[in-house]
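The values are calculated or read from the model by the stated rules, or taken from the named source; none is laboratory data. All figures in this text were calculated on a predicted structure; none of them were measured in a lab. Don't worry about glycine lacking a Cβ; one is built from the backbone with ideal geometry, like all the others, and counts go over all protein chains shown. Remember, those area values only see protein heavy atoms, side chains included, never the ligands or the DNA or RNA. Shrake-Rupley method; radii C 1.70, N 1.55, O 1.52, S 1.80 Å.
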Amino acid sequence: MSAAGNNEVAIEALEKNEKAYDFFCRRILALLDGNPKLDVAGLNCVHSVRFRKKSRSSIKDKCERKAKKGIIVDDKNCHSEIEDYFGVRLLHLHLDQLPAIHSFLVEQSEKGEFIFGEKPKAYTWDPEFKAVLEGLGFQVEFKESFYTSVHYILRNSEDSPVRCELQVRTLFEEAWGELDHWMNYPVPTEKMALREQLLVLSRVVTAGSRLAVSIHRLHTEKTDSCA
């Protein structure tokens, strides 16, 4: 079967399970949105959550990129190779909220709400953030684009192929990510000036994230001292 034929078979296999994917990911979304267990220092760690299904064209593009690496996606491996068929994105304000979010997810996994499909990954170029993320147990990777985010693969159960990719990032990181995804992903832009500007913006975004942490800590200290 041709690569294109394999792609169609893979997409059909994913779509066959679409309702199960949709139900599971919406359950994850409902678990996160406004959950009082995520209230820390008078503020809920979850600023907002978003939900999306990968389009057919995006799946085909991903299959083609994998084929160039020697990975042929078909109906047998499509669930493990296209782990972001359905996804949830959680946005929060600053890095100090991530430990509470991570602990909550670990707790829910231990309760049987879902299982982790793999060790959670974090992407960052900042050495200080890298140390924090590794301290939480994340597998930290670097991307030349300076992409920054935390990724979880949540599975319904060992016996089910259904997965949900959960991306966790700050509002600052989200703003940069949306611009980069629009202009520079999955095919990197050929405009050198644009790539350089996106890298500069990533540094600005990281500076904003650091400042948000500092502001949060200052506010918390002031609140504690007045208590």
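Structure above, values below:
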quantity: Hits in region 69-85 (condition: over 19 Å from L154 (Cβ atoms) and of a type in the set (D, E)); calculated: D74, D75
quantity: Long-range neighbours under 9 Å by Cβ, at least six apart or interchain, first residue closer than 11 Å to F86 by Cα within region 52-68, second among the aliphatic types (A, V, I, L, M) and assigned to a strand (DSSP E or B); calculated: R52/V88
quantity: Breaking point among (1) closer than 28 Å to D126 by Cα; (2) in contact (Cβ under 8 Å) with a residue 60 or more places away in the chain; (3) of a type outside the set (F, W, Y), for Q108; calculated: (1)
quantity: Residue match in region 212-223 (condition: open to solvent by less than 20 Å² (accessible area, probe 1.4 Å), of a type outside the set (D, E, K, R) and more than 19 Å from I101 (Cα to Cα)); calculated: no
quantity: Criterion (surrounded by fewer than 19 Cβ atoms within 10 Å (Cβ to Cβ), at pLDDT 95 or above and of a type in the set (V, I, T)) met by exactly one of V88, V73, V106; calculated: V106
quantity: Filter result (outside any helix (DSSP H, G or I) and of a type in the set (S, T, Y)) within region 161-206; calculated: T170, Y185, T189
quantity: Residue check for L154: touching a Leu at 6+ places or on another chain (Cβ under 9 Å), open to solvent by 60 Å² or more (accessible area, probe 1.4 Å) and not β-branched (V, I, T); calculated: no
quantity: Test for V106: is it part of a helix (DSSP H, G or I) and not small (G, A, S); calculated: yes
quantity: Unique residue being under 18 Å from H102 (Cβ atoms) and either open to solvent by 40 Å² or more (accessible area, probe 1.4 Å) or not in a helix (DSSP H, G or I) (or both) when the list is K37, K19, K60; calculated: K37
quantity: Counted residues, region 115-152 - those being assigned to a strand (DSSP E or B) and of a type in the set (G, A, S); calculated: 2
quantity: Candidates K121, K111, K130, filtered to the one that is open to solvent by 20 Å² or more (accessible area, probe 1.4 Å), charged (D, E, K, R) and modelled with pLDDT under 95; calculated: K130
quantity: Test: E165 is within 13 Å of the chain's Cα centre (by Cα) and either within 23 Å of V40 (Cα to Cα) or open to solvent by 60 Å² or more (accessible area, probe 1.4 Å) (or both); calculated: no
